[in-house]
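See below for the structure under consideration.
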Ligand SMILES: [Mg+2]
């Protein structure tokens, strides 16, 4: 347990009563540091591993991976468009929707992870970390501010209500897009749309398309069109293995589809691993996460042809298993506790459920990071100008406060000394001067504000014209961003980013700073190593500044 580890660290520190040596100053040590850091500096910012809670990879014995959207990266637009088309077709053919829907176009910009569908009012909106509704659309039209206020700002939004659907998987993007497009299309023709029924029809149709295997058959028939072959994935997995870690695959996909996808992305990439199966110590398919983490089901052994042979008595390399549960898996595999790192892309199915039921540490795969970080890097002149203007605005505000207080004082003097004409003239001149300055300062604030808004709009809408940035809403983190911070120990854009790090790397998070610490040098800049807080317990939100939050590569 990491709790025990921390006590060990503390006591070893306390034992060191003799005065500290200064070997850390040695020129040789400095030279070692310089030499060692060089290759790691080259990790592109967008491909770094970001750390919410300290994680020592040398204390991780087992690394597990989800497959879809985690190990297997899809050409999202291709796959989403396919799901969109097949679902629309099904709704026309089986549920009596008008043929005109066949002409709808899939608009990939309109849907991002972290949106909320209001099935009752037919709206889609984005929330900040306080569950405050920000941008909102009805169909594809911006929802007027008055409507947003009436519907979402007068009472707290409870996402647990059946009225709302949270779009938190990449898998769910087409259904949100279809919901908006159909409302836009049918209402444009003057039809009344029963929103909740429409959403249920979309969900059921999309589920059928996935369940009856028609979609997966098309994907399997043309893997290069739908799957990204990331040539660094094999080397990244090999690096973890060479660090002594056992790897396992835990996917909801069934054995035949898993075989097709995994062979395509990994077979023959490295000569030491002719088959994808060589990378993994345990392969578990058809897992039915999130239930897998809490329910009790036997692990079934499959034959080489994929037939169920019966309950497994042990977990062997090279064999494909199906179903099971966390409990059965940990018992049979003799693995568990906080020495397991689980890597997945779904906050609820992979990350939150595993955190609630097990001690597994978690890594979330967030492919959205790459495009967003690249865009922010490109926008750095605007971001710098915004930061300068925010500073300037704070100073202008201070000066305005001083002038306002000064004017009050002069007004009181005028009342008091009203009868002396000489004083009166002098005070009035002072007052005019101060008033003039105040007006200048106020104009500067207005213009600075307007410029900040202009820059912010350009940065946000230049990235996505409907929703702005994925991880931000208004002046806050988006709810999606907040959930990544709350539930994942570490997060990164793709699994192959592990290739940039040592399998023994200590991934450090900055200690949360209190407001009084933020502007000065902090004692203990990095956090203590401890088990992640229980799911739902929100760690402190105040952290250090900007770019420092990323992992110091080393
Ligand atoms: Mg997945």
Legend entry - Per residue Cα convex hull volume in Å³ - calculated over the range 377-470: 95
Inset, instruction - Note down the nm distance, to one decimal, between modelled labels 7 Å out along Cα→Cβ at residue 169 and at residue 432. - result: 7.3
Inset, instruction - Quick one: work out the % antiparallel among DSSP beta bridges in the chain, nearest 5. - result: 60
Inset, instruction - List, largest first, the extents of the alpha carbons of the range 233-327 along their principal axes, each in whole Å. - result: 37, 28, 23
Inset, instruction - For the chain, find the longest principal axis of its Cα atoms and tell me its angle to the long axis of helix 380-416, 0 to 90°, nearest 10. - result: 30
Inset, instruction - Note the angle between two axes, namely the Cα long axis of helix 76-95 and the longest principal axis of the Cα atoms of the chain, as a number of degrees from 0 to 90, rounded to the nearest 10. - result: 80
Legend entry - Rg in Å to one decimal, and Dmax rounded to a whole Å, for the range 419-531 via C-alpha atoms: 25.4, 83
Inset, instruction - Return a whole-number percent for the relative contact order of the range 300-391, with Cα pairs under 8 Å and 6 or more residues apart as the contact set. - result: 17
Inset, instruction - Place the peptides 192-200, 247-255 in order of packing, highest mean first, counting for every residue the other Cβ atoms within 10 Å and averaging per peptide. - result: 247-255, 192-200
Inset, instruction - Give me the orientation-averaged projected area of the Cα convex hull of the chain, in nm², one decimal. - result: 36.2
Inset, instruction - Provide the gained length on full extension for the span residue 288 to residue 402, in nm with one decimal, where the gain is 0.36 nm per separating residue minus the Cα-Cα distance. - result: 34.7 nm
Inset, instruction - For a label point 7 Å from the Cα of residue 260 along Cα→C-beta, name the residues of the range 64-108 whose backbone N is under 19 Å from it. - result: 67-87
Inset, instruction - On a 0 to 90° scale, report how tilted helix 173-188 is relative to the longest principal axis of the chain, with both axes built from alpha carbons and the result rounded to the nearest 10. - result: 60
Legend entry - Spin-label zone in the range 58-92 - amide nitrogen under 20 Å from a point set 7 Å from the Cα of residue 218 along the C-beta vector: 68-69, 73-92
Inset, instruction - Would you calculate a helix-derived [θ] at 222 nm for the chain, using -39,500 (n - 2.57) for each DSSP H run of n ≥ 4 and dividing by the full residue count, to the nearest 500? - result: -13500 deg cm²/dmol
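No lab work stands behind these numbers, since they all come straight from the coordinates. Since we're looking at a predicted model, the values are computed, not measured. Positions of Cβ are backbone-derived with ideal geometry, glycine not excepted, and every protein chain shown enters the neighbour counts.
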